[in-house]
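Please treat every number below as a calculation from the coordinates, not as lab data. Predicted, not measured: the structure shown is a model, and the values here were computed from it. Because the Cβ atoms are built from the backbone with ideal geometry, glycine has one as well, and the counts that use them run over all protein chains shown.
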Amino acid sequence: MQFQLLPQFMASRRTLNPGKRIFNFQFSIFNDKETGFTLIEILIAVVILVIIAILGLIISFDFYKNFSIRSERNNIVSILQKARSQSLSNISQTRHGVHFSSSPLQYIIFECDPSAPQCSDYIDADTSKDIVIDPGYGISITNPTPSFDVVFDQLSGSCIASPTFNCDSDNPITVSGGVNPYDINVNSEGRIDW
């Protein structure tokens, strides 16, 4: 038997048992036998990615719907302003207006027939000069119920009460598409607010 200065567990590996480790300390994240990912880790990562993707789709669809409705509201305001501008400019010395048809929904910029320059609705319009604009997909006018006409007086641009539309801030044109409806007001002076 040999005399040892150090106990066996403190001796170096080379002197004791060169092929056997006494202390198995490793300073790495992965153990030699456990490299890679487990099935549960992969499933958790996939579930997290799917949840993030679903939330992103929901948010983007709502954003798109709101953008679409705001865009349609801006189009209607532009159409009303164009008709009012034509009346203010006294083009063809007649009134101009916008007809909101019901089936299918369309916006028609019209001018009154020269034989009835003081018309108050689309019935007396010169249809050869109509400008027809189709709405965006999924857009509807909920108030007032189409068909109705917004007519502007020549030179003054004031809104003329028609049989189907009352020029009043209490009677807005409501544009909707499933998310948030928007109101467009046309008062008796022809002012368009949105």
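Once the C-beta distance of Q106 and I59 is scaled by a Förster radius of 35 Å, the resulting FRET efficiency is 0.65 to the nearest 0.05. Treating each Cα of the range 77-130 as an identical point scatterer and summing with the Debye formula, the log10 of I(q)/I(0) at q = 0.29 Å⁻¹ comes to -1.19.
Relative protection proxy for 99-106, 130-137, 84-91, from highest mean packing down: 84-91, 99-106, 130-137 (other beta-carbon atoms within 10 angstrom).
Highest-first packing order for the peptide set 176-184, 150-158, 53-61 is 150-158, 176-184, 53-61, based on the mean count of other beta carbon atoms within 10 Å.
The Cα atoms of the range 92-157 define a convex hull whose projected area, averaged across directions, is 4.7 nm². For the pair D134 and I51, label points projected 7 Å from Cα toward Cβ lie 4.3 nm apart. Each 5 Å bin from 0 upward holds the following percent of the Cα-Cα pairs of the range 24-150: 2, 9, 13, 14, 10, 7, 6, 5, 4, 4, 4, 4, 4, 4, 3, 3, 2, 2, 1, 0, 0. Hey, what did the range 83-194 get for relative contact order, percent, Cα under 8 Å, at least 6 apart? Worked out over the range 83-194, it gives 24 percent.
Reported value for the range 130-191: 99 Å³ per residue, from the convex hull of its C-alpha atoms.
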